[in-house]
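J.: Sending over a structure as structure tokens; questions will come in a sec.
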């Protein structure tokens, strides 16, 4: 579940998933919807991302900012992700295997750069039936 949010100067979205892994993958998909009119659906390039943070909110921001870096700085568009979120004793961790495509601004309908995911309005919460998050991106 992805729902775009109206925000005065930035762009936001709300995502939901039955598990934390699904929630983080929906956030990836929402980010691609902000970047592109027609996000790519397949690719053969592979990357691995390993992150940690003190809590889920910080981990989600780190995840999205890593994806921003991959798209804008490395030209790698993550079209699929296998995500594991092991809970460590003193922090949260993410281990993701990404499959992606090379950045092609014209073919995908580039809609503009994202500066970063922010903590403004950030919320990650458990609800009946799964998880929900709200994210605001600085564009």
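The values are calculated or read from the model by the stated rules, or taken from the named source; none is laboratory data. Since the model is a prediction, treat every value here as computed from it, not as a measurement. Using ideal geometry, Cβ is built from the backbone for each residue, glycine included, and neighbour counts are taken over all protein chains shown.
J.: Could you tell me which numbered condition residue 136 fails, if it satisfies all but one of (1) touching a residue at least 60 places away in the same chain (Cβ under 8 Å); (2) surrounded by 12 or more Cβ atoms within 10 Å (Cβ to Cβ); (3) more than 20 Å from residue 32 (Cα to Cα)?
T.: Single failed check for residue 136: (3).
J.: Follow-up. So is residue 113 in contact with a helix residue (DSSP H, G or I) (Cβ under 8 Å, 6 or more places away or on another chain) and assigned to a loop (DSSP other than H, G, I, E, B) or not?
T.: The answer is yes for residue 113.
J.: Then there is this: When you scan region 86-109, how many residues do you find that are surrounded by fewer than 18 Cβ atoms within 10 Å (Cβ to Cβ) and either assigned to a loop (DSSP other than H, G, I, E, B) or within 17 Å of the chain's Cα centre (by Cα) (or both)?
T.: The number of residues fulfilling the criteria is 11.
J.: Kindly list, by first and then second residue, each pair from a residue in region 45-57 that is within 26 Å of residue 14 (Cβ to Cβ) to a residue that is at pLDDT 95 or above and outside any strand (DSSP E or B), limited to pairs with Cβ atoms under 6 Å and residues at least 6 apart or on different chains.
T.: Close Cβ pairs (under 6 Å, with a partner that is at pLDDT 95 or above and outside any strand (DSSP E or B)) amount to 49/66; 51/62; 53/59; 53/62.
J.: Here's a follow-up. Restrict the check to region 25-34 and report whether at least one residue is touching a residue at least 40 places away in the same chain (Cβ under 8 Å) and more than 15 Å from the chain's Cα centre (by Cα).
T.: no
J.: Right, here's the next one. Could you check region 69-85 and list, in sequence order, the residues that are touching a strand residue (DSSP E or B) at 6+ places or on another chain (Cβ under 7 Å) and either part of a helix (DSSP H, G or I) or without any contact (Cβ under 8 Å) to a residue 60 or more places away in the chain (or both)?
T.: 70, 71, 75, 76, 77, 78, 79, 80, 81, 82
J.: While we're looking at this one, here's another question. Scan 14, 41, 66 and give me the residue that is in contact with a strand residue (DSSP E or B) (Cβ under 8 Å, 6 or more places away or on another chain), modelled with pLDDT of 95 or more and more than 15 Å from residue 112 (Cα to Cα).
T.: Step by step, each of 14, 41, 66 is checked, and only 66 is in contact with a strand residue (DSSP E or B) (Cβ under 8 Å, 6 or more places away or on another chain), modelled with pLDDT of 95 or more and more than 15 Å from residue 112 (Cα to Cα).
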